[in-house]
Amino acid sequence: MDRPALADFLRRRRELLRPENVGLGAGARRRTPGLRREEVAALAGMSVDYYTRLEQQRGPQPSEQMVAAITRALRCSLDERDHLFRLAGHNAPVRVHRSDHVDAAILRVLDRLEDTPAIVVSDLGETLVENRLGAALLGSTVGLTGNERYQPWRWFMTTTEPAKYAPEQHDRLARAQVAALRAAVGAAGPGDRRAAALVADLQAQSEPFRQLWALHEVASRWEDHKTFVHPELGRITVDCQVLHTSTQTQALLLFTAPVGSEDAQKLELLGVVGQQVFTR
């Protein structure tokens, strides 16, 4: 871990960003250029003290997961991401077909969606980044580890994930989860150990998953019509629009409702209600 170089890189990247680059309001006049440390910490999902210590060359070695969160917060390019990993004392992630590094073009779109719930997911169903309203609608799953980071796992192995959706849609959504997972596995090929391990674990532990997997249905994630069950606002029916990256390994999901409808009004209230917390 190169503490001086890491601290310098973090500070310079932070100073290059503007609030509007990451979907934040400009607010009051700023004494220093770029983002504040507390803003980067919030975007990365870490404490201000932890991030500050990294910039001051006093912090412990960040984990690979933490480094990945920082690269997303600082909107690093792939080359910058790899450099940051090496400065932190880790091997840079292999640039394979699937990447946890959020596509820069997708991220720019997400940063501009201040009044629309939106999330970026991988083809395995991992939420890579979300905006404030997306977390308020779905409950934040960014930062989960192990198999819990994947929506198919949470769907078949917890009661919390299905409870977010209207009961009459559960059968259809379960099949869609499995079909999308099979499409992701097929696109990546037999060498994708992450996808293979996820499927093997689900087959070993979930009979409903085994039954649906045996159907061999294949379908990528596209537009959909969903009804969520919010703990405070009740049922919210939305149109889910999907924007894929060129590799089909990441997708931006936007949740909207017809202007003036009751569902649209509930989406507006999400900003007041704040992020919901689900108990697993």
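Looking only at residues of region 8-33 that are over 12 Å from residue 70 (Cα atoms) and crowded, with 18+ Cβ neighbours inside 10 Å, we find that the one that is modelled with the highest pLDDT is 17.
Among residues that are of a type in the set (Gly, Ala, Ser), assigned by TED's automatic domain parsing to the domain that holds residue 121 and modelled with pLDDT of 95 or more, residue 174 is included. Screening residue 213 against (1) modelled with pLDDT of 95 or more; (2) over 19 Å from the mean Cα position of the chain (by Cα) leaves a single unmet condition, (1). Does residue 200 satisfy the criteria of being touching a strand residue (DSSP E or B) at 6+ places or on another chain (Cβ under 6 Å) and either modelled with pLDDT of 95 or more or under 14 Å from residue 176 (Cα atoms) (or both)? No: the conditions fail for residue 200.
Within region 68-81, restricting attention to residues that are surrounded by fewer than 18 Cβ atoms within 10 Å (Cβ to Cβ) and either modelled with pLDDT of 90 or more or more than 13 Å from residue 6 (Cβ to Cβ) (or both), the residue that is farthest from the chain's Cα centre (by Cα) is 79. Scanning region 138-177 for residues that are of a type in the set (D, E, K, R) and surrounded by fewer than 17 Cβ atoms within 10 Å (Cβ to Cβ) gives 148, 168, 171, 172, 175. Among the residues making up region 83-105, those that are at pLDDT 90 or above and closer than 24 Å to residue 150 by Cβ are 85, 90.
With a requirement of 1 or more residues that are among the basic types (Lys, Arg) and either in contact with a strand residue (DSSP E or B) (Cβ under 9 Å, 6 or more places away or on another chain) or free of Cβ contacts under 8 Å to residues at least 24 places away in the same chain (or both), the helices (runs of 4 or more DSSP H) lying completely within region 89-176 that satisfy it span 104-111, 151-157.
Screening residue 63 on (1) within 16 Å of residue 100 (Cβ to Cβ); (2) polar (S, T, N, Q); (3) exposed (fewer than 14 other Cβ atoms within 10 Å of the Cβ); (4) in contact (Cβ under 8 Å) with a residue 24 or more places away in the chain shows it passes everything except condition (4).
I'd like the residue in region 41-64 that is within 13 Å of the chain's Cα centre (by Cα) and assigned to a helix (DSSP H, G or I) and, out of all such residues, is farthest from residue 1 (Cα to Cα). For region 41-64, the residue satisfying everything is 43. Only one entry in 127, 141, 116, 159 is of a type in the set (Ser, Thr, Tyr) and over 23 Å from residue 220 (Cβ atoms), namely 159.
The values are calculated or read from the model by the stated rules, or taken from the named source; none is laboratory data. Given the structure is predicted, the values throughout are model-derived calculations rather than measurements. Every residue, glycine among them, receives a Cβ derived from its backbone with ideal geometry; neighbour counts consider all protein chains shown.
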